[in-house]
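First the structure, in the form of structure tokens, and then the observations on it.
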Amino acid sequence: MIYDTPQAFQEAPAKRVAVFGMSGLGKTVLSNKLRVSGDWFHYSVDYRIGTAYMGEHITDNLKAQAMTVPFLADLFRSDSIYIGSNITFGNLAPLSTYLGKPGDPMRGGLPFEEYKRRQALHRRAEVNALLDTVPFIHRATSLYGYKNFICDTGGSICEVVDPADPADEVLRTLADNTLMIWIESPQGHDAELIRRFKRDPKPIYYRPDMLDALWQDYLDTHGITEAQVDPDDFAIHAFSHVIHKRAPIYAAMARNWGVSVTAAEVEAVRDAADAKEMIARALAKPRGVA
């Protein structure tokens, strides 16, 4: 780790961290609190994915929908109008909408092969955006004058890395340049995430082998064809299965590559000073213990 003791972190003239963990545990909230303190650069991996790597795909999808409306189609053909997504750190809906959900097209579903193609695009974009952390560290300093840096990773980081591989490119890059911090889920958080997902299903990235197995299991269990699948119901089915498999991967990432804090500790952070104290305490713990 780039800081191996609390003192090393506290005395470092440039503090660089990367936070990871389940959605809804405060990664972005913490990052925003550090940013508003005035001396931290906030790098959002999800925002980078949705702009630098998936932006054209998102825009083309919006155009394709608009082209189904004759009035808009004529204006597009004459270059009279343009369309784009208004993606922000706090609103990633354009990316979620593009990734979509597989199933019945009459209920907004995508063909399964098209869904897998978009998933593959997302995986490549996520890896690239994570590796972009290093150039953004240099950019934050050279262009904007920030010494302190926080990388706000997406919840899917655990799906694109192998914490047991000491040569994993993404983890090695992050660990060589930032202190990796796992925000550990509290007891019962998985159940809350599933309840939240049922109310408002959103797309999620899956490893291809897991996605294939979940899809086939769903078809077999319900005795239906691809075109009969309720996209929202499949999304809930798949999410409920994958959410329980992520915690052990996050734990291995913290054990082998970084430190841990609890969601309650993150929630208690009021400002940059509190965050620095929390991180120093994490460095004083045994590895991988929150």
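The values are calculated or read from the model by the stated rules, or taken from the named source; none is laboratory data. Keep in mind it's a predicted model, so treat the numbers as computed, not measured. Positions of Cβ are generated from backbone atoms using ideal geometry, with glycine treated the same way; all protein chains shown enter the neighbour counts. Ligands, DNA and RNA are excluded from the accessible area calculation, which covers all protein heavy atoms including side chains. Shrake-Rupley method; radii C 1.70, N 1.55, O 1.52, S 1.80 Å.
Some values worked out for this structure:
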quantity	calculated
Segment 56-167, relative contact order in percent, only Cα pairs under 8 angstrom and at least six apart counted	14
Per residue solvent-accessible surface (Å²) - the chain, probe of 1.4 Å	48
Gain upon complete extension [Ala73, Met210; 0.36 nm per residue less C-alpha separation]	45.4 nm
About the Cα centre, charge dipole magnitude for the chain (Lys/Arg +1, Asp/Glu -1 at Cβ), debye	700
Estimated inter-spin distance, Ala120 and Asp217, nm [label 7 Å along Cα→Cβ]	2.4
Residue-averaged 222 nm ellipticity for the chain, from DSSP H runs of 4+ at -39500 (n - 2.57), nearest 500	-16500 deg cm²/dmol
Per-residue SASA entry for Leu75, accessible area with 1.4 Å probe, Å² rounded to 10	50
Globularity ratio of segment 170-280, using Cα Rg and 2.2 N^0.38 Å	1.36
Rounded to 10°, Cα long-axis angle of helix 189-199 versus longest principal axis of the chain	30
Charged-residue dipole, Cβ positions (Lys, Arg, Asp, Glu), segment 58-186 about Cα centre, Debye nearest 20	360
Sites Met106 and Ala284 - FRET efficiency at Förster radius 45 Å, r taken between beta-carbons, to 0.05	0.20
More than 15 angstrom apart: percent of Cα pairs within segment 221-290	67
Highest-fluctuation residue, Ala120, Ala129, Ala191 considered, GNM on the chain with Cα pairs under 10 Å	Ala191
Spatial separation of Cα centroids for segment 219-290 and segment 60-88, in angstrom	37
Heavy-atom accessible surface of the chain: percent carbon and sulfur, 1.4 Å	53
Accessible area, probe 1.4 Å, largest first, for residues His57, His138, His241, His42	His138, His241, His57, His42
Protein-only accessible surface order, largest first, of Arg139, Arg255 at 1.4 Å	Arg255, Arg139
Convex hull volume per residue in cubic angstrom - Cα atoms of the chain	143
Stretch gain in nm, segment Asp165-Leu62, where the contour uses 0.36 nm per residue and the Cα spacing is subtracted	33.2 nm
Segment 60-189 - Rg over Rh from alpha carbon coordinates, Kirkwood radius	1.06
Summed residue charge, Cβ within 13 Å of Tyr43's Cβ, Lys/Arg positive, Asp/Glu negative	+2
Solvent exposure ordering (accessible area, 1.4 Å, most first) of Lys15, Lys276	Lys276, Lys15
Helix axis angle, 231-257 relative to the chain longest principal axis, alpha carbon, degrees	20
With DNA, RNA and ligands ignored, accessible area of Arg207 (1.4 Å probe; Å², nearest 10)	70
The chain - percent relative contact order, Cα under 8 Å, separation 6 or more	31
